[in-house]
Amino acid sequence: MLNPSLDFAALREAFNSHRRIRIANALPPEIAESVRQDLAKLRYSLFCATSKGVAVLEHDEIARWPQSRKDELRDFLMKGAADGEGFAYNGFRVTDAIERLSPTTALGRFARDIESPAMLEMIRTITGPSDIDSAFAQATQFMPGHYLTRHLDDPSGERRRFAFVWGFTPAWRPDWGGLLQFFSPDLELSQSLSPGFNTLDLFDVSHWHSVTYVAPFAQAPRLAISGWFTKR
């Protein structure tokens, strides 16, 4: 599924420098555009951190809440974010929905290809030998007010090895926010990447990272497919 014109030897050398890489033109262009179109049509839920853990809330349900309950959720999220905790964004769990995604669609093919033996071997070619044998993917749609605070992607027991963010966002302005940021071990900012189209950000799970707050004046959704290559 990766673009066959990629120079995998050069990508591996670049990845080894910092254990992370952004790959441009990661997919054949026509496939990338077809996936983007499918992502734009998805019915997303709100994924956010609450006092009871991760919540998946339907937007129709939220619309029926009294204003006081909406304000309570907003205030909780803002307080957590101010303390460097939590997240809020629209999501769709691609891997969990794979049986409902037709293999005749671009997104359905992507969902199946991402943990195929061929894809896993391509990832090993870039990252070096590893025990990855599966993947988990979710579509994300960051709208104004959405964010993902600084964190690591290796919770105990998850067996995550490498994180990925496939970018499907054309014509994004960095001023709109939604930047993928990486931090040094002492939590100093080391790199900031604007959302891209047909890009693959690939990094090992030792990296602290975040997605910055999307500004109220952002004129488009930040579309991506993110997740992890894992060991079952």
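Bear in mind that the values in this text are calculations on the coordinates, not laboratory data. Just so it is clear, the model here is predicted, and its values are computed rather than measured. Note that we place each Cβ from the backbone using ideal geometry, even for glycine, and neighbour counts take in every protein chain shown.
Some points to look at:
- Farthest positive-ward along region 35-99 dipole, Cα basis, beta-carbon charges - from 54, 65, 97: 65
- Taken about its Cα centre, region 45-152 carries a charge dipole of about 240 debye when Lys and Arg each add +1 at the Cβ and Asp and Glu each add -1 at the Cβ.
- Per-residue ³J(HN,Hα) for region 184-192, Karplus 6.51 cos²θ - 1.76 cosθ + 1.60, θ = phi - 60°, Hz, x for Gly and Pro: 6, x, 8, 6, 8, 4, 10, 7, 9
- Restricting the trypsin sites (Lys or Arg not before Pro) of region 1-54 to loop positions (DSSP other than H, G, I, E, B) with no more than 12 neighbouring Cβ atoms within 10 Å leaves 43, 52.
- Nearest 10 degrees, 0 to 90: helix 117-127 Cα axis against the chain principal axis: 90 degrees
- Label selected from (i) 19.5, 61; (ii) 17.5, 56; (iii) 18.6, 56, the criterion being Rg and Dmax of the Cα atoms in Å as computed here: (ii)
- Angle in degrees between helix 67-82 and the longest Cα principal axis of the chain, rounded to the nearest 10: 50 degrees
- Placing unit charges on the Cβ atoms of the charged side chains and taking the dipole of region 83-232 about its Cα centre, the candidate lying farthest along the positive direction among 128, 207, 114 is 114.
- On the basis of the beta-carbon distance and an R0 of 35 Å, residue 104 and residue 61 show a calculated FRET efficiency of 0.70.
- Whole-angstrom gap from region 1-76 to region 207-231, using each part's C-alpha centre: 6 Å
- Acute angle (nearest 10 degrees) that the helix 8-18 long axis makes with the longest principal axis of the chain, alpha-carbon atoms: 50 degrees
- Under the convention that each Lys and Arg Cβ holds +1 and each Asp and Glu Cβ holds -1, the size of the dipole of region 125-232 around its Cα centre is about 260 debye.
- Point-charge dipole on Cβ atoms (K/R +1, D/E -1) for the chain, about Cα centre, debye to 20: 260 debye
- Sequence-separation-based contact order of the chain, relative, with Cα cut under 8 Å and 6+ spacing, percent: 25 percent
- Lysines whose Cα lies under 29 Å from that of residue 79, excluding same-chain neighbours fewer than 8 positions away: 52, 70
- Extension gain for residue 192-residue 125 works out to 21.6 nm (0.36 nm per residue, less the C-alpha to C-alpha distance).
- Listed peptides 187-195, 95-103, 224-232, 119-127 appear in the order 224-232, 119-127, 187-195, 95-103 once ranked by packing, highest mean of other Cβ atoms within 10 Å at the front.
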